[in-house]
Amino acid sequence: MIPSDWVAHHREDDRELLGYLRPVDGGFEPVTVFGHPLGEAGDSDDAAAMLDAIGLSYLAERWLLTVPGRDEPIAVQVVEADPDHVRVKSVDHRYEGDAFLTLPVPVSGLQPQH
């Protein structure tokens, strides 16, 4: 569940939720709809501008998920995200666990694959 002090940021033209402004040390950090940081903290206008520039493109990226019992994270793609959960699909042919995993928001153990 998204903490109550995070500020939802919506795209202006269609009101689609792009992410949140997370309060940190007198500023705001732009984060995804599932709570992953997208950039450095700054003032609210800068954080909102970063969310506007990135949009929802991060949903199309591959991510790495740390799972219990494995030394290496698995490659996943986000298939659904909302303020309560993120659902990912494993795209890692070496992973023999569940193909789909549902994670509570904010998510820990999920990093962009670079």
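A few notes on this one:
- Karplus-derived 3J(HN,Hα), 6.51/-1.76/1.60, for each residue of segment 77-91, Hz, glycine and proline x: 10, 6, 10, 7, 8, 8, x, 9, 7, 10, 10, 10, 10, 5, 10
- Extending 7 Å from the Cα toward the beta-carbon at both HIS93 and LEU59 defines two label points whose distance is 2.9 nm.
- Degrees separating the helix 44-54 axis from the principal Cα axis of the chain, which is the longest one: 50
- For segment 7-57, relative contact order (Cα pairs under 8 Å, six or more residues apart, normalised by length) works out to 29 percent.
- Listed residues VAL67, VAL78, VAL105: farthest to the positive end of the dipole of segment 5-114 (Cβ charges): VAL67
- Segment 42-114: translational diffusion in µm²/s, Stokes-Einstein, Kirkwood Rh over Cα pairs, 37 °C, 0.692 mPa s: 245
- Least to most buried among HIS9, HIS85, HIS36 (fewest other Cβ within 10 Å first): HIS85, HIS36, HIS9
Each reported figure results from applying straightforward, stated rules to the coordinates on display, with no laboratory input. As the structure is a prediction and not an experimental result, all values here were calculated from the model. FYI the Cβ positions are ideal-geometry reconstructions off the backbone, even for glycines, and counts take in every protein chain you see.
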